[in-house]
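Let me begin by presenting the structure, written as structure tokens, before commenting on it.
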Amino acid sequence: MIGGAIPTLVLIGLAAVLAPIIAEGLRRFVAVPEVVIQIVFGIILGPYVLGLAHSSVVVTALSDFGLTFLMFLAGLEVDLGTMRQGHLGRATGSWGVSLLVALGVGAALHATGLVLDSVVVALCLTTTALGTLLPILRDAGVLQSRFGPSILSVGAIGEFGPIVAVAVLLTNRDPRLTFALLVVFVAVAVMAALLAMQVHPPGFIALMRRHLHSTAQLPVRISVVLVILLVYLATKLSLDVLLGAFAAGVVVRLFITGEDREPITSKLEAIGFGFLIPIFFIESGINFDLQALIHQPKVLLLVPMFTVIFLLTRGLPTWAFFRGVLTRVETRSLAVLSSTGLPIIVVITTLGVDEHRMKPQNAAALVAAGMLSVLIYPVLALSWLGKAPKATETPGVAERSGEEET
């Protein structure tokens, strides 16, 4: 079983190595996010182009771990104190309106016969790819700017909201039972968070620091165990594993404090961005149904349509809620960044197709639109902010354009 997956894993590894090199080479012409290059590599290597790479039990399992770690690292970025500075209430309200608008758009598309299930499509239209945006925004120094808390708030709600909505709306259980299970999960997560804030005796901290750079890597192992435990709890409660992974990231952030946070976070990001997460994006490209787009021109037209609809369902409510508390340039940029979606879209479309609630061609169009949003919207927003997505830029140094606007 493992032997059959090795050729594909070798190709995925080569693609993961080449992706940042190519992204760096392209920056002199156009800024292409590495995640887009990874997905394109998967499409090229996959069955619809070269036919060299194929999904298998092993590859899919590693890809699932990659998605889990992506959500975990997104949760790890959630700092409630910082998010409150970023108008957390407005971020929550804007996502609620996004959901209502998206449900209306989904119902309209269903009435025309374009989609099978309005709810599945609507949830895809409410996502924000915080996990995908984080490396781009971090490299550009945006997260360290005054604008950073706002995008963290909007992005966190834009990932957490759809995950909860998937657990509630895309199951066949009684909604009251699902809500009760969510309450149980949240209660356990809160208890874990409170415990994480309390467990800081000097002896334990000394033990953690002694093994931070040893072969034991104790803080990293504890963090991984927390991920596994909360993901396991989510699955036992028949909730989405991404909810458990996101909650684990929030808990681990509370657990690691002070001078230990940076080295531990760096090690966890090395596991995620250096190993597991590229497998998820490249495998998503391998599974991408390219024929559905190429052989059906009508489906191809859905790609730009969905890309624009992201702005309507996600960007417009964000712009409306944050207008007046940020500069006009920042508000515009925040609206566009909030419309960037991909990882959760991949998850929701996969679930929709598996449960026969979404046409495969619509799933391909939505994923392609997500890729297009990741390619276009961050570049557009960063150009407005006067930021360049270069890793060599000193975080927080670049000046924001439009600072003089009110």
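In what sequence, highest mean first, do 267-279, 364-376 appear when ranked by Cβ atoms within 10 angstrom?
On the way: 267-279: 19.5, 364-376: 24.7.
Those peptides, ordered most packed to least, come out 364-376, 267-279.
Can you give the FRET efficiency to the nearest 0.05 for residue 291 and residue 355, using r as the Cβ-Cβ distance and R₀ = 22 Å?
That pair, residue 291 with residue 355, gives E of 0.50.
Considering all alpha-carbon pairs of segment 1-100, what whole percent are spaced by more than 20 angstrom? Please list the in-between numbers first.
Numbers: 2902 of 4950 pairs.
I get 59 percent for the Cα pairs in segment 1-100 exceeding 20 Å.
Subtract the Cα-Cα distance of residue 298 and residue 380 from 0.36 nm times their separation in residues, and report this length gain in nm to one decimal.
26.8 nm
Give, as ranges by residue number, the residues of segment 109-141 whose backbone N falls under 18 Å from the point 7 Å along Cα→Cβ of residue 261.
In segment 109-141, the label zone of residue 261 (backbone N under 18 Å from the point 7 Å along Cα→Cβ) covers 134-135, 138-139, 141.
Would you please report the Å³ per residue occupied by the convex hull of the alpha carbon atoms in the chain?
Taking the convex hull of the Cα positions in the chain, it is 148 Å³ per residue.
What is the projected area of the convex hull of the Cα atoms of segment 38-158, averaged over all directions, in nm²?
That works out to 9.9 nm², a quarter of the Cα hull's surface.
When the helix-only estimate is applied to the chain (DSSP H runs of n ≥ 4, each -39,500 (n - 2.57), divided by the residue count), what is the mean residue ellipticity at 222 nm, nearest 500 deg cm²/dmol?
After summing the helix terms and dividing by the residues of the chain, the value is -23000 deg cm²/dmol.
Could you pull out every whole DSSP H run in the chain that spans at least 24 Å of Cα extent along its own axis and averages 0.0 or higher on the Kyte-Doolittle scale? Don't jump to the answer; show the numbers that get you there.
Values: long enough: 2-26 (35 Å, 2.00); 57-76 (28 Å, 1.95); 88-111 (35 Å, 1.15); 148-169 (31 Å, 1.65); 175-198 (34 Å, 2.08); 218-236 (27 Å, 2.00); 360-385 (37 Å, 1.47).
TM-like helix candidates: 2-26, 57-76, 88-111, 148-169, 175-198, 218-236, 360-385.
Sort 119-126, 101-108, 141-148, 296-303 by the packing proxy (mean of other Cβ within 10 Å over each peptide's residues), most packed first.
119-126, 141-148, 101-108, 296-303
Ranking request for peptides 46-56, 328-338: highest mean number of other beta-carbon atoms within 10 Å first, then the rest in descending order.
328-338, 46-56
Taken together, the values in this text are just the output of simple stated rules run on the coordinates, not laboratory data. A quick note: this is a predicted structure, and the numbers were derived from the prediction, not measured. As a convention, Cβ positions derive from the backbone with ideal geometry for all residues, glycine included, and neighbour counts pool all protein chains shown.
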